[in-house]
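To start, the structure under review is shown below, and the notes come after it.
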Amino acid sequence: MNNSVCTNERIRLREQTILSDNWYTLRKVTFDYQRKNGVWETQSREAYDRGNGATILLHNPAADTVILTRQFRLPTFVNGNPSGMLIEACAGLLDDEHPDVAIVRETEEETGYRLTAVQRVLEAYMSPGSVTERLFFYLAEYSTATERQAGGGIEEEEIDVLELPLSQALAMVATGEIQDGKTIILLQHLRLQQVGG
């Protein structure tokens with residue numbers, strides 16, 4: 001968890017307890033919070049720290065196609081996704097790398113495409129009620145000439161690489177075939193960029 005100095009005078013951290021560090025780190029944080037009426041109260045929340053990440057949407061402007069991935073996501077499976085498979089934009093954790101460097105590495109590992117340039121478009125906290133992760137969003141162009149390796153992830157990852165027309169990917173958002181938040185944001189951002197450009 002980021003130990004930056006708190007600049008909010010209405011928050012006083014009291015205690016942090018590690019509840020689990022099996023995969024990432026789950027902490028219980030106890031703090032004093034000053035309400036708008038001036039009264040201080042003690043509150044506790046749990047925060048899941050998995051580090052920060054980056055995500056990217058690859059777009060071929062000539063063909064108007066995008067590269068997405070499909071893989072099994074346990075949390076979606078236990079929350080009603082019958083197959084547990086999720087269609088997503090390529091993404092991964094920073095692992096102490098600069099986001100621009102990490103996303104190029106992740107892109108090659110997951111999709112096989114070797115990028116020479118990326119465009120950072122925004123940053124967002126995706127689930128700020130319980131997860132500390134800040135996600136860096138990117139766009140990049142690819143073509144039939146873009147150098148490509150095998151892709152599909154590393155180690156235990158089993159990732160399918162999908163090339164779809166942008167119009168089809170956007171239609172899949174509407175039908176619920178694509179339900180991943182970061183992917184929806186990137187697809188919509190790309191479409192808005194096209195309309196505004």
Can you tell me which residues in the range 98-114 are outside any helix (DSSP H, G or I), in contact (Cβ under 8 Å) with a residue 40 or more places away in the chain and touching an Asp or Glu at 6+ places or on another chain (Cβ under 8 Å)? TYR113
Is it the case that GLU133 is within 29 Å of GLU46 (Cβ to Cβ) and surrounded by fewer than 14 Cβ atoms within 10 Å (Cβ to Cβ)? no
I'd like the residue in the range 84-101 that is surrounded by 22 or more Cβ atoms within 10 Å (Cβ to Cβ) and of a type in the set (A, V, I, L, M) and, out of all such residues, is farthest from VAL161 (Cα to Cα). ALA91
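Rundown of residues vs (1) outside the structural domain of GLU158 (by TED's automatic domain parsing); (2) outside any loop (DSSP other than H, G, I, E, B); (3) touching a helix residue (DSSP H, G or I) at 6+ places or on another chain (Cβ under 9 Å), yes/no style:
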{"position": "VAL29", "(1), (2), (3)": "yes, yes, no"}
{"position": "LYS36", "(1), (2), (3)": "yes, no, no"}
{"position": "GLU41", "(1), (2), (3)": "yes, yes, no"}
{"position": "SER44", "(1), (2), (3)": "yes, yes, no"}
{"position": "ALA62", "(1), (2), (3)": "no, no, no"}
{"position": "LEU68", "(1), (2), (3)": "no, yes, yes"}
{"position": "PRO82", "(1), (2), (3)": "no, no, no"}
{"position": "ILE87", "(1), (2), (3)": "no, yes, yes"}
{"position": "ALA91", "(1), (2), (3)": "no, yes, yes"}
For the range 175-197, pairs from a residue that is in contact (Cβ under 8 Å) with a residue 60 or more places away in the chain to a residue that is surrounded by 19 or more Cβ atoms within 10 Å (Cβ to Cβ) and assigned to a loop (DSSP other than H, G, I, E, B), with Cβ under 7 Å and 6 or more apart or across chains, are LYS182/ALA89; THR183/ALA89; LEU186/ALA89
If I filter the range 42-50 for residues that are crowded, with 16+ Cβ neighbours inside 10 Å and among the small types (Gly, Ala, Ser), do I get at least one hit? yes
GLN179 being surrounded by fewer than 17 Cβ atoms within 10 Å (Cβ to Cβ) and closer than 20 Å to ASN81 by Cβ: yes
Condition first: of a type outside the set (Gly, Ala, Ser) and either within 25 Å of GLU106 (Cα to Cα) or touching an Asp or Glu at 6+ places or on another chain (Cβ under 8 Å) (or both). Now tell me which residues in the range 44-56 satisfy that. TYR48, ASP49, ARG50, ASN52, THR55, ILE56
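The values are calculated or read from the model by the stated rules, or taken from the named source; none is laboratory data. Please read all numbers here as calculations on a predicted model, not as lab measurements. Glycine also receives a Cβ, built like all others from the backbone with ideal geometry; neighbour counts cover every protein chain displayed.
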